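I'd like to ask some things about the structure below.
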Amino acid sequence: MTNARVVELSKTGLDDEIIIAKINNGSCHFQLSDVDLLELKKAGVSSKVVAAMLDANALTAPKLVLRQN
């Protein structure tokens, strides 16, 4: 799932719950910089869906491991 796909699904009129379910159950590759977030808003993607995208990105982002010496 990508930003472009989320925009497509939103524009077709699918309910937020359906789009969020797709996000939660799929492989996600979102770009979520400030500019990307503004583009999603301009494209009409709801805040609920954007929040789900941010949550999915947080779960798939590489984790920073700090080592103590």
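The values are calculated or read from the model by the stated rules, or taken from the named source; none is laboratory data. What you see is a predicted model; the values in this text were computed from it and never measured. Cβ atoms come from the backbone with ideal geometry, glycine included; neighbour counts cover every protein chain shown.
Looking only at segment 19-35, count every residue that is part of a helix (DSSP H, G or I) and under 15 Å from Ala56 (Cα atoms) and tell me the total.
Let us first name the residues in segment 19-35 that are part of a helix (DSSP H, G or I), namely 19-24, 34-35.
Among the residues that remain, those that are also under 15 Å from Ala56 (Cα atoms) are: 19-24.
Here the count works out to 6.
Six or more apart or on different chains, Cβ atoms under 8 Å: show the pairs whose first residue is in segment 44-55 and touching a residue at least 40 places away in the same chain (Cβ under 8 Å) and closer than 13 Å to Gln31 by Cα and whose second is surrounded by 18 or more Cβ atoms within 10 Å (Cβ to Cβ) and aliphatic (A, V, I, L, M).
Going by the 8 Å Cβ cut-off, the qualifying pairs are Met53/Val6; Met53/Ile23; Met53/Leu40.
Under 6 Å between Cβ atoms, which residue pairs at least 6 apart in sequence (or on different chains) link something in segment 14-38 that is under 13 Å from Leu54 (Cα atoms) and among the polar types (S, T, N, Q) with a partner that is modelled with pLDDT of 95 or more and part of a helix (DSSP H, G or I)?
Pairs that qualify, where the first residue is under 13 Å from Leu54 (Cα atoms) and among the polar types (S, T, N, Q) and the partner is modelled with pLDDT of 95 or more and part of a helix (DSSP H, G or I), are Gln31/Asn3.
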